[in-house]
Ligand SMILES: NC(=O)c1ccc[n+]([C@@H]2O[C@H](COP(=O)([O-])OP(=O)(O)OC[C@H]3O[C@@H](n4cnc5c(N)ncnc54)[C@H](OP(=O)(O)O)[C@@H]3O)[C@@H](O)[C@H]2O)c1
């Protein structure tokens, strides 16, 4: 199909983490009071947001005509992102389909260029893929993605299945700044899924749709739990993902086949050591502590799942739904690492790699961090000081790291995922020191980290094992 006519102005990519911004800086209406990501939105406000667009129709004849089957045309959003490029690569490897990728770019050539560069940066590009990838130039934040109605109609006839992975991933911006891409974009995805013919919709969510204050009592969250507790979701990003998922639940109740995949914290590739997501929260924690020369004492464990595991599992589970024999009855899947990693162990590895980092009480670390607040160039965490150090009345005056301490963080069960992966070789590997050294070596190689002053003896080994591929400088690709 010809997507050349659907040209939008290119949109500047939001870095995953930004310095604190006022609502007016982030595009919210100036009349609204400034909100930060942590400003609690009342449950009633969020529930009012979480309503299917009334212009969406669920035609009963189309719903009845739907039958699962092998897809020839796939629509994927967010393929230029960290997880999205892995989903694209998995879909290219495990299907014969043509993949229509929604991309923000000036034109189709620039869109293809962005996708090719991202695949290349992650050691995934093959020339044979060129004919199977079709960039669709558009924006999730625009009605019909900014496409003409005729082009949207053509797309809705062509596409057989949707993987909706694109979203602004930002822990600082408020809900109002994320709504257009993360929530309104999902409504437009449902429009595509229901227009002309019914298409199964695979949605990439996050386990932190269960990130409400009341979940921080160490409870176990099962994949089939209801999304009923929206009050005091900790960030605008969690709120936007909760609202999008809640809307999708209503679409499912109207008959649309909707499957939800909820990753936890995603880290780099366990095979190649590439971790092409340096704007990410965890990458900033690592770099920021190295820059500070200090890390907090924190009684917390993290479930870190490598991106290759997350993407392989999602595509495998989604393709199971194409089976005409026995499609699964499961609709929600958690993509987490069952072997959690203690925060102090992670930092012991970083110290053993050669970075001098002092362990200090959390409160002292927060004071050190807050002193860096204005020094955006000097510390990767400068823009996150409020998020990491502010006491909030909505969390009984605990700071965000304290909320995750002493077993308060929710535990995520992943039985649906594990059961559905039985008989495959797809498994989430435990993260060990060798693996983590590979990531650190990669960060040095791409210039994200400086080499440690007294390198770990095995650094040279890690560097030579690591492929010499550099990540995309994305703006050049536009
Ligand atoms: N990374 C994690 O640890 C993690 C954990 C749990 C869940 N997730 C979920 O996984 C998905 C992917 O996350 P990620 O870490 O890969 O994020 P990412 O690297 O920031 O990628 C986000 C992707 O979404 C696209 N996008 C954002 N706004 C858009 C818009 N208005 N129109 C079109 N495309 C838009 C971006 O396009 P541009 O390149 O043009 O900006 C990019 O391709 C998200 O849904 C996220 O909620 C991620």
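We did not get these values from a lab; they are worked out from the coordinates using the rules stated. The structure displayed is predicted, hence computed values, not measured ones. Don't worry about glycine lacking a Cβ; one is built from the backbone with ideal geometry, like all the others, and counts go over all protein chains shown.
With a/c under 1.5 counting as rounded, go ahead and sort segment 230-272 into rounded, prolate or oblate using the C-alpha gyration tensor (a ≥ b ≥ c being the square roots of the eigenvalues; past the cut-off, prolate if a/b is larger than b/c, else oblate). Oblate. Specify whether the C-alpha gyration tensor of segment 250-362 places it in the rounded, prolate or oblate class, a ≥ b ≥ c being the square roots of the eigenvalues: rounded for a/c under 1.5, otherwise prolate if a/b is larger than b/c and oblate if not. Note, shape of segment 250-362 comes out prolate. Separation of segment 69-111 from segment 225-269 is 22 Å, based on Cα centroids. Each peptide among 302-311, 236-245 gets the average number of other Cβ atoms lying within 10 Å of its residues, and from highest to lowest they stand as 236-245, 302-311.
Each peptide in 439-446, 427-434 was scored by the mean count of other Cβ atoms within 10 Å over its residues; highest first, the order is 439-446, 427-434. Using every pair of separate Cα atoms, the Kirkwood estimate puts the hydrodynamic radius of segment 160-310 at 17.1 angstrom. Does segment 296-429 classify as rounded, prolate or oblate by the C-alpha gyration tensor (a ≥ b ≥ c root eigenvalues; a/c under 1.5 gives rounded; else a/b over b/c gives prolate, otherwise oblate)? The shape class here is prolate. Of interest is the spacing of the C-alpha centroids, which for segment 319-360 and segment 370-385 amounts to 27 Å.
With the convex hull constructed from alpha-carbon coordinates only, segment 226-307 shows a mean projected area of 8.1 nm² over all directions. Which whole-number percent is the relative contact order of segment 111-225 (Cα, under 8 Å, 6+ apart)? So the answer I get is 27 percent. Given a Förster distance of 22 angstrom, what is the FRET efficiency for residue 67 paired with residue 96, based on the Cβ-Cβ distance and rounded to 0.05? FRET efficiency, residue 67 to residue 96: 0.70.
Taking 0.36 nm per residue of separation and subtracting the current Cα-Cα distance, fully stretching the chain between residue 127 and residue 331 would add 69.9 nm. With neighbours defined as other Cβ atoms within 10 Å of a residue's Cβ, the residues 59, 184 order from fewest to most as 59, 184. Distance between the 7 Å Cα→Cβ label points at residue 371 and residue 45: 3.6 nm.
Just to confirm my numbers, what's the Cα centroid distance between segment 386-446 and segment 129-193 in Å? Rounded to whole Å, the Cα centres lie 28 Å apart.
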